[in-house]
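The values are calculated or read from the model by the stated rules, or taken from the named source; none is laboratory data. Treat the numbers as computed from the prediction; the structure is a model and nothing was measured. Neighbour counts run over all protein chains shown; Cβ positions are idealised from the backbone, glycine included. Please note that ligands, DNA and RNA were not included when accessible areas were found on the heavy atoms of the full protein model with its side chains. Shrake-Rupley method; radii C 1.70, N 1.55, O 1.52, S 1.80 Å.
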Amino acid sequence: MSLVSCSSNQCPLSSKVRSSVGPSSSSLRSSVAVPHLGWGQRSDKSRNSHRASSIIAYYGLKSPPYKLDALEPYMSHKTLEVHWGAHHRGYVEALNKQLEKNDILYGYTMDELIKVTYNNGNPLPEFNNAAQVWNHDFFWESMQPGGGEMPTLGLLQQIDKDFGSFANFRDKFIQAALTSFGSCWVWLVLKREKKCLAIVKTSNAINPLVWNDIPIIGLDLWEHAYYLDYKNDRAKYIDTFMNHLVSWDAAAARMARAQAFRKMAPKILTSSPQGDFAESAIFTENMVLERISHLSQYAACLNLRYTGLRS
């Protein structure tokens with residue numbers, strides 16, 4: 001089976017989107033603020049009492065795809081409350097404060113924002129928070145209730161091909177995690193150029209997107225990910241992740257998406273200044289998925305505006 005690329009299975013909330021609201025929309029402003037989607041409101045300082053305000057959407061805090069107690073007894077409700085509810089939320093809020101002050105980064109998707117702010121190894125101030133928002137969204141989706149065991153079908157075949165066997169892969173993944181120092185991450189990635197799976201270790205907020213690798217599974221090895229449940233027993237946490245938490249369903253979906261996009265080879269049509277259409281460069285699958293996600297959210301925003309104006 002030849003796998004070339006895949007996108008991560010995230011659905012990141014949009015970067016800020018601006019829309020004008022008419023002067024009769026006082027009731028709309030409260031209806032548009034949707035905290036769990038990260039929609040925020042900021043008044044335009046230049047407006048007078050008769051001018052429209054601006055509604056600005058930044059990146060939002062996405063909930064894990066399960067209840068906070070769904071991973072017990074292997075990851076406690078308390079850990080999710082602190083890790084997702086405090087640490088992850090803190091990265092989102094810090095990123096949004098940074099983006100308020102930097103119009104140059106307006107409109108980037110999360111993947112684009114990470115790559116741009118990584119700045120070829122000389123990270124800009126926004127990089128750490130942007131990467132940690134993405135990393136945590138990906139981490140939550142890399143686990144599931146009743147996880148662990150073994151992958152199946154095509155993913156298992158690819159693991160066997162690239163690591164010799166699933167047992168070999170598991171040993172190498174655990175060894176990579178155990179030998180990682182400090183605050184770090186361990187990833188199973190798909191190498192675009194080599195067309196094979198590999199295990200990658202990264203420090204702090206860095207993730208495989210900056211090297212154009214495609215993450216399949218991610219394990220958070222920052223201490224706050226496991227301390228409440230496992231104290232300083234990192235080895236037990238890693239073993240538990242592999243045996244009971246890792247979502248091979250999510251991993252298989254990411255791999256399948258890679259194949260689908262490779263076969264589809266999507267091309268995006270853009271309008272030239274003269275009005276005729278010309279083929280642009282082929283967008284990566286991550287960009288396509290994020291653009292679809294952003295359009296859907298923008299449509300939802302417009303629907304909220306319409307509902308607010310009617311009310």
Handout entry: Which listed residue, of 97, 115, 67, 78, is over 17 Å from residue 219 (Cα atoms) and outside any helix (DSSP H, G or I)
Key = 67
Fill in the blank from the handout: Given the conditions (1) open to solvent by less than 10 Å² (accessible area, probe 1.4 Å); (2) more than 18 Å from residue 220 (Cβ to Cβ), every one holds for residue 106 apart from (1)
Practice task
Residue by residue through the stretch 100-110, note down the ones that are outside any helix (DSSP H, G or I) and either in contact (Cβ under 8 Å) with a residue 60 or more places away in the chain or touching a helix residue (DSSP H, G or I) at 6+ places or on another chain (Cβ under 9 Å) (or both).
Solution key: 106, 107, 108, 109
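Does residue 113 satisfy being among the hydrophobic types (A, V, I, L, M, F, W, C), touching a residue at least 24 places away in the same chain (Cβ under 8 Å) and open to solvent by less than 10 Å² (accessible area, probe 1.4 Å)? Lay out the reasoning, then the answer.
On the way: among the hydrophobic types (A, V, I, L, M, F, W, C): yes; touching a residue at least 24 places away in the same chain (Cβ under 8 Å): yes; open to solvent by less than 10 Å² (accessible area, probe 1.4 Å): yes.
Against the criterion (among the hydrophobic types (A, V, I, L, M, F, W, C), touching a residue at least 24 places away in the same chain (Cβ under 8 Å) and open to solvent by less than 10 Å² (accessible area, probe 1.4 Å)), residue 113 qualifies.
Being of a type outside the set (Phe, Trp, Tyr) and touching a residue at least 12 places away in the same chain (Cβ under 8 Å) narrows it down to one of 167, 131, 86, so name that one.
Numbers: 167 fails: touching a residue at least 12 places away in the same chain (Cβ under 8 Å); 86 fails: touching a residue at least 12 places away in the same chain (Cβ under 8 Å).
Criteria check complete, one pass: 131.
Conditions (1) modelled with pLDDT of 95 or more; (2) open to solvent by 40 Å² or more (accessible area, probe 1.4 Å); (3) within 30 Å of residue 242 (Cα to Cα); (4) in contact with a helix residue (DSSP H, G or I) (Cβ under 8 Å, 6 or more places away or on another chain), marked per residue:
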{"position": "37", "(1), (2), (3), (4)": "no, yes, no, yes"}
{"position": "53", "(1), (2), (3), (4)": "no, no, no, yes"}
{"position": "82", "(1), (2), (3), (4)": "yes, yes, yes, yes"}
{"position": "98", "(1), (2), (3), (4)": "no, yes, no, yes"}
Problem - Residue count, the stretch 222-239 (criterion: modelled with pLDDT of 95 or more and more than 23 Å from the chain's Cα centre (by Cα)) - result: 10
Handout entry: Subset of the stretch 157-209 (residues that are aliphatic (A, V, I, L, M), under 21 Å from residue 239 (Cα atoms) and assigned to a strand (DSSP E or B))
Key = 186, 188, 189, 197, 198, 199, 200
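Of all residues in the stretch 118-156 being assigned to a loop (DSSP other than H, G, I, E, B) and among the aliphatic types (A, V, I, L, M), which is nearest to residue 212 (Cα to Cα)? Let's see the steps before the verdict.
Applying the first criterion (assigned to a loop (DSSP other than H, G, I, E, B)) to the stretch 118-156 yields 122-126, 142, 144-152.
Right, trim to among the aliphatic types (A, V, I, L, M) and you get 124, 150.
Values: 124: 18, 150: 27 Å.
Among those that are assigned to a loop (DSSP other than H, G, I, E, B) and among the aliphatic types (A, V, I, L, M), it is 124.
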Handout entry: Unmet criterion (only one of (1) open to solvent by 10 Å² or more (accessible area, probe 1.4 Å); (2) free of Cβ contacts under 8 Å to residues at least 24 places away in the same chain) for residue 157
Key = (2)
Exercise for the section: Those residues that are in contact with a strand residue (DSSP E or B) (Cβ under 8 Å, 6 or more places away or on another chain), within 19 Å of residue 252 (Cα to Cα) and surrounded by fewer than 18 Cβ atoms within 10 Å (Cβ to Cβ), I need them from the stretch 167-198; list them, please. Expected result: 192, 196, 198
Exercise for the section: For the stretch 241-261, enumerate the residues that are buried (at least 20 other Cβ atoms within 10 Å of the Cβ) and of a type outside the set (A, V, I, L, M). Expected result: 241, 247, 248, 254, 261
